[in-house]
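Below is one structure, written out as structure tokens, with a few remarks after it.
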Amino acid sequence: ADRSTLGLIRSADGGTLFLDEIGELSRAMQAKLLRTLQERSVKPVGSSRIYPVDIRIIAATNRNLSEAVKNEIFRKDLYYRLNTVTIYAPPLRERVCDIADLCAQFAVNLEQEGYPLKTISDKAIDILCAYDWPGNIRELENVIRSAVILSKSKVIEPHDIDLPNDVSDRMTSHSHTAQSTVAFHEKEAIRKALNHTIGNRRAAAKLLGISEATLYRRIKLYSI
């Protein structure tokens, strides 16, 4: 550093500090972070002065931290220090009912960047729903961006979807089975939600974690 700066922790004093991919932190840095959290203070590099800080920590990770603790990759004391409230965000493959809405939103975002507004055909959505998305939403966004940029039509079709290796061909050959499986699980989830809410669509949509418009389209699609 060629000048004195507050640093992230002191800059967040009185507010919230978000730490992404906390599971990738080295053991040495884990010890320093734990000390800061326990003592509620920070000492800048090269300084002899200690500054008190009042911060709230929000940490995110795609690792199973409890397993990392068992394998001694992540410090147990830091894990319990951070693990006050846990919010589990399911991977995209566990919420395929969101894919159509996400694709539509990505298309709108791209239009705001100057690209032509395009829609995604139902067959293309089926291909996207059959994929397991190891890269989650970021991967889906990149696939839609590529399709919007490279497609010559106003509608994105299956041949516009660029997935790794020969995934598209493999999924197309098994598309009927994959689509049937996805449709079956979606249909059952919607039926259970509607039964639970006694037919209240707004409450059912909230229970499923989808928009009311998406629920309406699925009800119409599956003739529920």
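Each value in this text was obtained by applying a stated rule to the coordinates, not by laboratory testing. Since this is a predicted model, take the numbers as computed values, not measurements. FYI the Cβ positions are ideal-geometry reconstructions off the backbone, even for glycines, and counts take in every protein chain you see.
Count the net charge of all other residues whose Cβ sits under 11 Å from the Cβ of Arg95, scoring Lys and Arg as +1 and Asp and Glu as -1. Walk me through the numbers before you get to the answer.
Numbers: positive: Arg93; negative: Glu94, Asp98, Asp101, Glu186.
Result for the neighbourhood of Arg95: -3.
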Just to confirm the number: angle between the C-alpha axis of helix 136-150 and the first principal axis of the chain, 0 to 90 degrees, nearest 10? 60 degrees
Compute the distance from the alpha-carbon center of the range 50-109 to that of the range 208-224, in whole Å. 28 Å
What is the angle, in °, between the Cα long axis of helix 27-39 and the longest principal axis of the Cα atoms in the chain? Nearest 10 is fine, range 0 to 90. 70 degrees
Hey, of (i) 56, 44, 37; (ii) 68, 45, 34; (iii) 52, 42, 36, which did the structure itself give for Cα extents along the principal axes in Å when calculated? (ii)
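Enter the mean projected area of the convex hull around the alpha-carbon atoms of the range 7-82, in nm², rounded to one decimal. Don't skip to the answer; put the middle values down first.
Details: hull surface 19.7 nm².
Across all orientations, the range 7-82 yields a mean hull projection of 4.9 nm².
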Going through Lys154/Lys220; Lys152/Lys192; Lys76/Lys187 one by one, the pairs whose alpha carbons sit over 32 Å apart turn out to be Lys152/Lys192; Lys76/Lys187
Surrounding net charge for Leu207, when Lys and Arg each add one and Asp and Glu each subtract one, Cβ distance under 11 Å: +4
Expected 222 nm ellipticity per residue - DSSP helices of 4 or more, -39500 (n - 2.57), all of the chain, to 500: -15500 deg cm²/dmol
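Percent antiparallel among DSSP beta bridges with both residues in the chain, to the nearest 5? Walk me through the intermediate numbers first.
Numbers: 2 of 8 bridges.
Bridges in the chain that DSSP calls antiparallel: roughly 25 percent.
Compute the signed sum of charges (Lys and Arg +1, Asp and Glu -1) over the other residues within less than 15 Å, Cβ to Cβ, of Glu113. Can you show the working numbers first?
Working: positive: Lys118, Arg145; negative: Glu111, Glu141.
Every neighbour counted, the sum reads 0.
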Quick query: amide H of Leu19 versus all other amide H atoms, modeled in the peptide plane; which residues come in under 5 Å with a sequence gap of 5 or more or a different chain? Ile58, Ala59, Ala60
In degrees, nearest ten, helix 99-112 long axis to first principal axis of the chain (Cα): 80 degrees
